[in-house]
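The values are calculated or read from the model by the stated rules, or taken from the named source; none is laboratory data. Fair warning: this is a prediction, and the values are worked out from it, not measured in the lab. Methodologically, a virtual Cβ is constructed for each residue, glycine included, from the backbone with ideal geometry; neighbour enumeration extends over all protein chains shown. With ligands, DNA and RNA removed, areas are computed over all heavy atoms of the protein, side chains included. Shrake-Rupley method; radii C 1.70, N 1.55, O 1.52, S 1.80 Å.
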Amino acid sequence: RTVATSLHAMFAEGSSFMGEGPKRYFHYKRMFDPSEDPKALLERWYSACCGTEAAPYLKAYYGFWERFWTGEKVRTTPWYGSVREMYCNFNSFAYLKALTKKDLETAEALMAKAHAAAMRSGDADQRIRAERLYDFARFYTARSLGTGAMAESGAGLTPEIFESLDRAQEYAKRIAKVKYDEPFEMSAPYVGS
């Protein structure tokens with residue numbers, strides 16, 4: 001297999017908020033040096049983002065979501081048919097049928113551990129980043145539970161759905177207070193010189 005020695009163009013889907021985690025950092029670093037070791041890049045980001053104590057939990061959290069989005073279970077959902085379109089249909093929450101409440105709780109617990117570790121041993125910037133990432137994780141969990149689209153919530157509207165939507169709104173307000181450009185800067189902490 002041949003490896004390109006220069007990059008002429010690149011397109012990478014991604015939002016400009018830090019809930020995306022290391023995605024933009026990873027893409028930009030690989031754009032400028034395609035030979036960079038992907039695992040080493042991610043390890044550097046995890047440690048720089050929230051501190052070395054939090055790094056294993058961040059790695060586990062983003063690993064969970066990577067396995068979800070690239071796994072077989074999501075491919076069984078009605079949403080997955082939209083991959084044949086120009087863009088995947090994120091107006092549909094049908095992909096949530098591949099998740100359980102326990103999955104969401106497991107993922108959020110990993111981010112809670114990363115947050116706690118950063119609060120204990122991270123520097124000021126790492127603690128701020130951990131707080132923002134934890135807000136995003138809690139928002140994603142509450143929004144996912146509040147859509148009622150998950151496989152185990154076939155019972156229709158329940159009080160838990162409304163409570164989850166209220167929590168999602170609370171975290172959405174916290175996230176919205178962040179300046180538009182701050183999440184981008186904070187999602188790609190500089191590592192090294």
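Quick look at the values:
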quantity: Those residues of the stretch 114-150 which are surrounded by fewer than 17 Cβ atoms within 10 Å (Cβ to Cβ) and in contact with a Pro (Cβ under 9 Å, 6 or more places away or on another chain), in sequence order; calculated: 125
quantity: Yes/no for residue 100 being touching a residue at least 40 places away in the same chain (Cβ under 8 Å), open to solvent by 20 Å² or more (accessible area, probe 1.4 Å) and farther than 24 Å from residue 174 by Cα; calculated: yes
quantity: Candidate set: the stretch 50-92, residues that are in contact (Cβ under 8 Å) with a residue 24 or more places away in the chain and among the β-branched types (Val, Ile, Thr); chosen: the one least open to solvent (accessible area, probe 1.4 Å); calculated: 74
quantity: Complete set of residues in the stretch 110-131 that are aliphatic (A, V, I, L, M), modelled with pLDDT under 95 and over 18 Å from the mean Cα position of the chain (by Cα); calculated: 124
quantity: Top-ranked residue in the stretch 33-59 [being assigned to a loop (DSSP other than H, G, I, E, B) and in contact with a helix residue (DSSP H, G or I) (Cβ under 6 Å, 6 or more places away or on another chain); ranked as farthest from residue 120 (Cα to Cα)]; calculated: 36
quantity: Cβ pairs under 8 Å, 6+ apart, first in the stretch 152-173 and within 21 Å of residue 98 (Cβ to Cβ) and open to solvent by 90 Å² or more (accessible area, probe 1.4 Å), second at pLDDT 75 or above and part of a helix (DSSP H, G or I); calculated: 152/101
quantity: Top-ranked residue of the stretch 104-113 - restricted to ones that are open to solvent by less than 50 Å² (accessible area, probe 1.4 Å) and out of contact with any Ser or Thr (no Cβ under 6 Å at 6 or more places or on another chain), ranked as farthest from residue 69 (Cα to Cα); calculated: 112
